[in-house]
Amino acid sequence: MKINGTHQKGTLNSDSGSLSIFISALFFLTLIFSFESIDIANSYLAKRHLIQIGEAAIQSGAHEIAMDRYFNSDFTIESSTSGVARFRVPIDCVSARAAFEKEIQVERLGSQSIKTTEWTCLNDVLTAKISAEIQPPLAVPLLSDLTGTLIPIEAEISASSVIGS
């Protein structure tokens with residue numbers, strides 16, 4: 001409002017302070033996106049670690065050979081290219097699962113245990129799904145109410161052993 005050619009501060013039409021509110025809102029949004037990007041990066045690294053744990057455990061299971069089938073040449077055909085046959089090593093599914101579970105039970109992802117959510121042993125191929133939950137690296141009270149206190153991580157792994165070249 002103009003009175004005698006000068007501007008008065010504090011009137012209803014004044015724009016002073018609008019920029020500081022806008023900058024504060026942008027700063028708050030940037031902070032939230034920074035926290036979320038840290039959570040995403042941490043989740044990615046945790047999943048890689050979970051996959052490594054699972055691969056080591058499933059390889060342990062894949063070494064459980066069904067000796068009776070092995071010595072009776074009861075093999076599953078992997079492929080037959082250029083006249084050379086490749087076969088899968090016969091796996092003892094019960095022993096393979098026991099070996100896998102033994103490896104998984106001693107491992108941890110952060111401070112959390114790892115669970116097997118799915119297991120199959122079909123045609124001498126082992127497949128497992130494992131999961132764990134991790135703590136977010138930054139616990140923000142408002143965000144943890146929205147997203148939860150633990151982040152679920154899942155991985156699927158498989159293994160078989162092949163004979164032949």
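Say whether the condition of being modelled with pLDDT under 85 and either surrounded by fewer than 18 Cβ atoms within 10 Å (Cβ to Cβ) or out of contact with any Asp or Glu (no Cβ under 8 Å at 6 or more places or on another chain) (or both) is met by at least one residue in the stretch 87-107.
The answer is no, given that none of the residues of the stretch 87-107 is modelled with pLDDT under 85 and either surrounded by fewer than 18 Cβ atoms within 10 Å (Cβ to Cβ) or out of contact with any Asp or Glu (no Cβ under 8 Å at 6 or more places or on another chain) (or both).
Conditions first: (1) modelled with pLDDT of 90 or more; (2) part of a loop (DSSP other than H, G, I, E, B). Residue 139 passes all but one, so which condition is the exception?
(1)
Filter the stretch 19-52 down to the residues that are modelled with pLDDT under 80 and over 21 Å from residue 111 (Cβ atoms), then identify the one that is farthest from the chain's Cα centre (by Cα).
31
Outside any strand (DSSP E or B), modelled with pLDDT of 90 or more and out of contact with any strand residue (DSSP E or B) (no Cβ under 6 Å at 6 or more places or on another chain): does that describe residue 60?
It is true that residue 60 is outside any strand (DSSP E or B), modelled with pLDDT of 90 or more and out of contact with any strand residue (DSSP E or B) (no Cβ under 6 Å at 6 or more places or on another chain).
The values are calculated or read from the model by the stated rules, or taken from the named source; none is laboratory data. All figures in this text were calculated on a predicted structure; none of them were measured in a lab. Heads up, the Cβs are rebuilt from the backbone with ideal geometry, glycines too, and the neighbour counts pull from every protein chain shown.
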